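Student: Questions regarding the structure given below will be posed in turn.
The values are calculated or read from the model by the stated rules, or taken from the named source; none is laboratory data. Note that the structure is a prediction, hence the values are computed from the model and not measured. Reconstructed Cβ throughout: ideal geometry from the backbone, glycine too, with neighbour counts over all protein chains shown.
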Amino acid sequence: MPSHHSHVPLGAGFSRRTLLTASAGAGAALAVGHTSPARAAAPRPTRRTLYVDPAGRGDHTTVQAAVNAATGTDWTLVLAPGTYRETVTVPEALAGLTLVGASGDPRDTVIVYDNAAGTPKPDGSGTYGTSGSATTTVRAAGFTAHAITFANDWLRADHPDYTGTQAVALKVTGDRSAFFRCRFLGHQDTLYADTADLGAFARQYFRDCYVEGDVDFVFGRATAVFEHCRFHTLTRGDLASAPYGFVFAPSTAVANPRGYLVVRSRVTSGAPDAYYKLARPWVPTSDTTARPMLTVRDTHLGRGIDAVSPYANMREAHPWQDQRFAEYRNTGPGAAVTVPANRPQLTRAQAGSATRAAYLRDWTPVRKDRC
């Protein structure tokens, strides 16, 4: 894990009455400044807002305490810079919740914990499993996050006896969930973009985000659009025997016409050249009819991606060639079409339906970081 998690305190002017300001434009960042007496006397915003600060200068000191207090819908939780070492669950009933990192820089506000699938539960009832390992779990619809880091800093090297090495930073199953300028840090199974059940086609949107990991670090069955994002592959130094790593592992239900769409993004690498496969299909035992779908278009693929064989099988019974994998107009050394059969390409007509609007349909994600 990168050493991004140092505590960055707010100035003395932070309080539950502090008003937020944001500059216009796509790169807008929230700023929390010293509150003048005139502004301190101003009425509170009409939106329901709670302030979270580990130093005790807000309404709550933990994110989960604020979530528990925000009964109903359409709450905004403003998080002061700091490291929140806790697990967080946003229940289904809390629709329309927004989390905002107060500084506007996702490196300043980190929600992190270190459970893995094989971590024993404190009550002795077994281990957490993949879903239970998530640092943050979002079940509510209409969830939005701005400038937050979601992390799981569990390390294989510290637990060589574990067989369940999946360690999820964020699991999100709610429909119409959006993430702007967020980071997702972990190793195996970092970002779990999923649905509540097989019959739910949850739509999710990630814009200007950063995701890192080494095995299947973006996975699940949601309809998810990743736009202007960066995916960074890590070196698996603690698993020297592993032949390669994997970026995406979609598990799209066969009835869902749209799975993962990656557009105008980048795949960078801290691993040796050609060490990573772009994707492999995940057909879980809970849904043996799944037909994973991934489209990567107009994206730069660095040297870390194996251009000769960019896809691999997770299970031989479900070969990647039978799934819905395709690319369109990608660039970079990892995008070279050296063996056409190994790299399905969309036609121009097909690419016309591989767009954000087509995937998200009647939902247009809206930034909600301006109170």
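Student: So which residues in segment 267-325 are among the acidic types (Asp, Glu) and within 21 Å of the chain's Cα centre (by Cα)?
Tutor: Across segment 267-325, the qualifying residue is only Asp298.
Student: Consider segment 139-160. How many of its residues are among the aromatic types (Phe, Trp, Tyr) and in contact with a Cys (Cβ under 9 Å, 6 or more places away or on another chain)?
Tutor: Count: 1.
Student: Are there any pairs with C-beta distances below 6 angstrom linking a residue in segment 314-342 that is over 29 Å from Asp287 (Cβ atoms) to a residue that is of a type in the set (Asp, Glu), with the two at least 6 apart or on different chains, and if so which?
Tutor: Note: pairs meeting the criteria are Arg329/Asp298.
Student: Now, a different point. Out of the residues in segment 219-237 that are buried (at least 24 other Cβ atoms within 10 Å of the Cβ) and small (Gly, Ala, Ser), which is farthest from Ile305 (Cα to Cα)?
Tutor: Ala222
Student: In a loop (DSSP other than H, G, I, E, B), closer than 26 Å to Thr130 by Cα and in contact with a strand residue (DSSP E or B) (Cβ under 7 Å, 6 or more places away or on another chain) - does that describe any residue in segment 66-82?
Tutor: Within segment 66-82, not a single residue is in a loop (DSSP other than H, G, I, E, B), closer than 26 Å to Thr130 by Cα and in contact with a strand residue (DSSP E or B) (Cβ under 7 Å, 6 or more places away or on another chain).
Student: Check whether at least one residue in segment 111-132 is touching a residue at least 40 places away in the same chain (Cβ under 8 Å), under 21 Å from Arg367 (Cα atoms) and part of a strand (DSSP E or B), and report yes or no.
Tutor: Yes, that holds for at least one residue.
Student: Continuing with this model, one more query. How many residues, within segment 343-371, are assigned to a loop (DSSP other than H, G, I, E, B), out of contact with any Leu (no Cβ under 8 Å at 6 or more places or on another chain), under 27 Å from Ala312 (Cβ atoms) and of a type in the set (A, V, I, L, M)?
Tutor: Final tally of qualifying residues: 1.
Student: Is segment 333-347 home to any residue that is touching an Asp or Glu at 6+ places or on another chain (Cβ under 8 Å), more than 30 Å from Gly104 (Cβ to Cβ), of a type in the set (Gly, Ala, Ser) and at pLDDT 95 or above?
Tutor: yes
Student: Now a separate question. Name the strands (runs of 3 or more DSSP E) wholly inside segment 257-322 in which the number of residues that are touching a Ser or Thr at 6+ places or on another chain (Cβ under 6 Å) is 2 or more.
Tutor: Filter on segment 257-322 gives 260-263.
Student: Within 13 Å of the chain's Cα centre (by Cα), without any contact (Cβ under 8 Å) to a residue 60 or more places away in the chain and assigned to a loop (DSSP other than H, G, I, E, B) - does that describe any residue in segment 173-180?
Tutor: So far as segment 173-180 goes, yes, one or more of its residues are within 13 Å of the chain's Cα centre (by Cα), without any contact (Cβ under 8 Å) to a residue 60 or more places away in the chain and assigned to a loop (DSSP other than H, G, I, E, B).
Student: Here's a follow-up. Restricting the search to segment 142-159, which residues are more than 17 Å from Val78 (Cα to Cα) and buried (at least 20 other Cβ atoms within 10 Å of the Cβ)?
Tutor: Ala151, Asn152, Trp154
Student: Of the residues that make up segment 225-240, is at least one outside any loop (DSSP other than H, G, I, E, B), more than 13 Å from the chain's Cα centre (by Cα) and either within 26 Å of Asp105 (Cα to Cα) or of a type outside the set (S, T, N, Q) (or both)?
Tutor: Yes, that holds for at least one residue.
Student: Would it be correct to say that Leu261 is surrounded by fewer than 24 Cβ atoms within 10 Å (Cβ to Cβ), closer than 29 Å to Ala202 by Cα and in contact with a strand residue (DSSP E or B) (Cβ under 9 Å, 6 or more places away or on another chain)?
Tutor: Yes: the conditions hold for Leu261.
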